[in-house]
1. Is it fair to say L15 is surrounded by 13 or more Cβ atoms within 10 Å (Cβ to Cβ) and either in contact with a strand residue (DSSP E or B) (Cβ under 8 Å, 6 or more places away or on another chain) or farther than 19 Å from A72 by Cβ (or both)?
2. Inspect all residues belonging to segment 20-37 and state whether any of them is modelled with pLDDT under 95, surrounded by 13 or more Cβ atoms within 10 Å (Cβ to Cβ), over 15 Å from K7 (Cα atoms) and not polar (S, T, N, Q).
3. State which residue is farthest from the chain's Cα centre (by Cα) when the search covers only segment 50-64 and only residues that are part of a helix (DSSP H, G or I) and loosely packed, with under 14 Cβ neighbours inside 10 Å.
Amino acid sequence: MFGELVKARRVELGLTLREFCRRLGEDPSNWSKVERGILRPPLQRKKMRHIADVLDIKEGSGEWEELVDAAAVDAGEIPSYVMENREVYSALPAFFRTIGSMRLTADEIRQMIDQLMKGDSPVPRSGG
C-alpha cells in the first residue's frame, strides 16, 4: 500500500528509483524492497516529511494523510489519530470482530468506505 503509493507518485513525477533515492538519501536496493512491501516503511515524522518533500506532497494535504496512514497500516500499526480518539479506540475490537466475521470482498470494503465518505452510511452521527 505505502510502497505502491510512493512508487506511483515517483513514476508520475518522472523520478527513477535511483534519482528518488539520491534525493532521499536512501539505498536504492533497500528502498525497492519498501516499494514492493518487503521492508516496512519508515514511520518517523521527519523521514515522512522528507519523503513527502521529494514527492512534492504538502504536509496536511489529503495525499499526506493517505501516505502517513498507508505507512502505519503497512507497519502493522493503527494510525495515531485513531488511537487518540477514546470512543473510536474502545470500539475497535468490536469493529474488527464484525468486519472479520462478515468476510467482505475488496469491492465491498471499497463500497463501504465510499458510503462512509459520502455520508450515506446508516451509522448515526453524533452532533448532526
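The values are calculated or read from the model by the stated rules, or taken from the named source; none is laboratory data. Remember, predicted model here, so these are calculated numbers, not experimental data. All Cβ positions, even for glycine, are placed from backbone atoms using ideal geometry, and neighbour counts span all protein chains on display.
1. When the stated conditions are applied, L15 passes them.
2. Looking for residues that are modelled with pLDDT under 95, surrounded by 13 or more Cβ atoms within 10 Å (Cβ to Cβ), over 15 Å from K7 (Cα atoms) and not polar (S, T, N, Q), one finds none in segment 20-37, hence no.
3. Taking segment 50-64 first, the residues part of a helix (DSSP H, G or I) are 50-54, 62-64.
Within this subset, residues satisfying the condition of being loosely packed, with under 14 Cβ neighbours inside 10 Å are 53, 62.
Numbers: D53: 17, G62: 11 Å.
Result: D53.
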